[in-house]
Ligand SMILES: [Zn+2]
């Protein structure tokens, strides 16, 4: 047997639902729970073990690797370091890496303890907000119709997106700390409405292009095809996130493969791939036409905005980490 397989076999075996605190229970998932309070490296190496978070971690680790490959090809075609018109693309790349790194780490390490469960998922929410900001920067820099340029929405989109990126982290963290398992559907409303808010802002330029194409007969280009596919993948992601399908009809049958959260991850992966393809097409097609005539992108409107929102989200996660800590200290006393 290969040494790595021997090592994986020697890892702490998974356990039953009854053996882990209720915080780790997932609706309609019955088996394959990792034990809590193990050393951190156990959770990393558990990537090679069969457990109910394994596919959730792998789907976004693979997505991260694919995206890094795409970024490499961008760097071969565009001057990402010296061309100021590429600053929005660099900001978009940064937030995509954040999205996947945060999500992968959350699913990989959250079983370590109840406090880590809260904290890692807050980091995951921060990553989602950051990705929304990155997409806003990309769309309002490369993917907008010329009629939007210089308008009020164009001017305020990035500052509003910074606020919404933090709002996503706050609302989703509230939903995590405020509710107890089994979670009510209102918890998903906290999550879906905040994510929906930033998605609405970032998708306006694309919806306008689709409208102009259908209503005014503007050209339907390849960039718009990729954007439309991205919207469909995002709507599918929302459906699987909110529906608990298919496991709600077959409890315990999708614990390892086919769970709705895994399908949600794949849909998000496809959303980001299609987004990158669309933005690539938009840059290629519009670069000479009008993008180079736009005012030069500023540092604060791109990478600076990403750094600012990152800092604010670190503060949000730190505050909610403390709140979760207090909640965990109070809860055992309540039971006594
Ligand atoms: Zn996830």
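Annotations
- Rounded Å value of the spacing that divides the Cα centres of region 291-327 and region 36-69: 26
- For the chain, modelled as a GNM whose springs connect Cα atoms under 10 angstrom apart, the maximal fluctuation among 296, 270, 86 occurs at 296.
- Long-range Cα-Cα pairs in the chain (distance over 34 Å), rounded percent: 28
- Peptide packing: for 32-41, 120-129, 167-176, the average count of neighbouring Cβ atoms within 10 Å per residue gives the ranking 120-129, 167-176, 32-41, highest mean first.
- Counting neighbouring Cβ atoms within 10 Å and putting the fewest first, the residues 228, 59 line up as 228, 59.
- Taking the C-alpha atoms only, the angle from helix 303-335 to the longest principal axis of the chain is near 20 degrees.
- Fewest-first ranking of 244, 282, 255, using other Cβ atoms within 10 Å as the exposure measure: 244, 255, 282
- The residues 281, 331, when put in order of fewest to most other Cβ atoms within 10 Å, stand as 331, 281.
- Selected from 154, 110, 259 as most flexible by GNM, with the chain as the system and alpha-carbon contacts under 10 Å: 154
- Percentage of interatomic Cα-Cα distances in region 53-111 larger than 15 Å: 53
- Rough spin-label spacing in nm, given labels placed 7 Å along Cα→Cβ, for residue 31 and residue 149: 6.0
- Rounded D (µm²/s) - region 151-262, Kirkwood Rh over Cα pairs, Stokes-Einstein at 37 °C, 0.692 mPa s: 197
- Along its first, second and third principal axes, ordered by size, region 247-317 spans 57, 37, 14 Å in Cα coordinates.
- Computed over region 113-164, the ratio Rg/Rh where both radii use C-alpha atoms and Rh is Kirkwood: 1.22
- Taking the C-alpha atoms only, the angle from helix 54-77 to the longest principal axis of the chain is near 20 degrees.
- Quotient of C-alpha Rg and 2.2 N^0.38 Å, computed over region 1-77: 1.42
- Largest GNM mean-square fluctuation among 313, 82, 286, using the chain with Cα springs under 10 Å: 82.
Throughout, read-outs are computed from the coordinates displayed, never taken from laboratory work. All values derive from a computational prediction rather than experimental measurement. No Cβ is skipped: glycine too gets one built from the backbone with ideal geometry, and neighbour counts run over all protein chains shown.
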